[in-house]
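**Q** Have a look at this one before I ask anything.
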Amino acid sequence: MTRPSTWDDGLDISSPDSITEEEIKAFRDHYQYTKGYSIPAFEFWLKFRADILKRYRASVPFMTTSAEPKCLVKNCLNMLHYYAISGYEDGILYEVHLSKRRGATKGEVLDTLAVAFMHGGPQGSRFVATSSTNYLESWVDEEPSTENQARWPANWSFDPHAFDSGMDFRSTVASKQDLERLMNWYERTIGEIPRYVKFFAQFRPDFLKAYRNRLENVIRNGLPKQMLPYLLLHYNIERGHAEGIRENVLLGRAMGMSKEQLIDGFTWASIYAGIEAISLADEVAGDVIRAM
């Protein structure tokens with residue numbers, strides 16, 4: 001059987017209005033292998049409107065730049081981050097499973113979940129715990145196979161100090177020097193200071209320092225530095241947060257992300273935000289993308 005999808009999910013997407021038992025079995029086998037099981041949402045559409053599922057799957061190969069066809073880890077972890085914030089148990093478990101299958105390390109997955117805790121808090125992590133604790137406890141990293149050698153884009157790298165502002169975290173009190181260093185970091189790194197930073201610097205500087213202590217130490221186990229703006233760009237488009245979108249496009253550019261990699265963030269966010277959400281993203285950050 002010819003499988004036109006670059007994801008090899010078993011569906012003949014060239015014939016969306018019909019489906020065979022062979023396709024259904026191949027699709028289920030693919031999900032069993034890559035994600036551990038066929039998720040209920042897809043089983044629903046297989047039963048009642050397979051054309052909806054097939055047309056959805058047909059769009060997936062175009063979400064990621066063709067320049068990086070094998071760098072699949074970033075988008076597995078991208079969706080894991082969003083599911084961990086929103087508390088989608090099925091999605092959390094299957095993205096943890098798929099991330100391992102695609103070549104992610106346990107440390108990279110835990111870094112991603114730590115980033116998600118920044119916005120999801122205990123509510124989101126409750127579902128991380130119930131869905132994935134057993135799987136993560138039994139996880140043993142393996143040597144990358146030939147199918148996932150290109151785990152990350154060539155210019156992406158782990159750097160635990162990439163977001164260091166120079167604030168002195170040995171004290172919980174934000175000094176004048178701490179705030180000056182933070183403002184200089186924003187100016188130097190993204191070229192502007194977000195409004196919320198100015199607000200908390202004026203009214204709750206110690207809270208701002210505590211937040212930066214979390215942010216600057218969230219990645220510890222191997223996740224490339226580019227993943228932080230990539231994850232947060234995706235999430236801020238999903239929730240329609242204009243300033244968050246702009247900040248993370250600027251931060252992604254500062255961390256060496258390419259135009260196409262940033263556009264990947266826009267495209268993947270449209271899965272749940274809807275394609276209309278990209279109008280806001282373009283309004284607040286399109287000038288940065290077009291200038292690259």
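The values are calculated or read from the model by the stated rules, or taken from the named source; none is laboratory data. Predicted, not measured: the structure shown is a model, and the values here were computed from it. Don't worry about glycine lacking a Cβ; one is built from the backbone with ideal geometry, like all the others, and counts go over all protein chains shown.
**Q** Out of curiosity, is E143 assigned to a helix (DSSP H, G or I), at pLDDT below 90, over 17 Å from the mean Cα position of the chain (by Cα) and not basic (K, R)?
**A** For E143, the condition - assigned to a helix (DSSP H, G or I), at pLDDT below 90, over 17 Å from the mean Cα position of the chain (by Cα) and not basic (K, R) - is not met.
**Q** Which condition number in (1) within 22 Å of W156 (Cα to Cα); (2) free of Cβ contacts under 8 Å to residues at least 40 places away in the same chain is the one that I289 fails?
**A** Against the list (1) within 22 Å of W156 (Cα to Cα); (2) free of Cβ contacts under 8 Å to residues at least 40 places away in the same chain, I289 comes up short only on (2).
**Q** What number goes with the only condition from (1) without any contact (Cβ under 8 Å) to a residue 24 or more places away in the chain; (2) of a type in the set (D, E); (3) not in a helix (DSSP H, G or I) that E43 does not pass?
**A** Single failed check for E43: (3).
**Q** Moving on to the next point. How many residues are part of a loop (DSSP other than H, G, I, E, B) and farther than 12 Å from T112 by Cβ if we restrict to the range 221-235?
**A** So the count comes out to 2.
**Q** Let me ask you something else. Select from the range 171-198 the residues that are assigned to a helix (DSSP H, G or I) and free of Cβ contacts under 8 Å to residues at least 24 places away in the same chain and list them in ascending order.
**A** If the condition is that a residue be assigned to a helix (DSSP H, G or I) and free of Cβ contacts under 8 Å to residues at least 24 places away in the same chain, then K176, Q177, E180, R181, M183, N184, W185, Y186, E187, R188, V197, K198 are the ones that fit.
**Q** Is it true that A67 is surrounded by 16 or more Cβ atoms within 10 Å (Cβ to Cβ) and either part of a loop (DSSP other than H, G, I, E, B) or modelled with pLDDT of 95 or more (or both)?
**A** When the stated conditions are applied, A67 does not pass them.
**Q** With the structure loaded, tell me whether R188 is charged (D, E, K, R) and over 25 Å from L110 (Cβ atoms) or whether it fails that test.
**A** Here the answer is yes, as R188 does meet what is asked.
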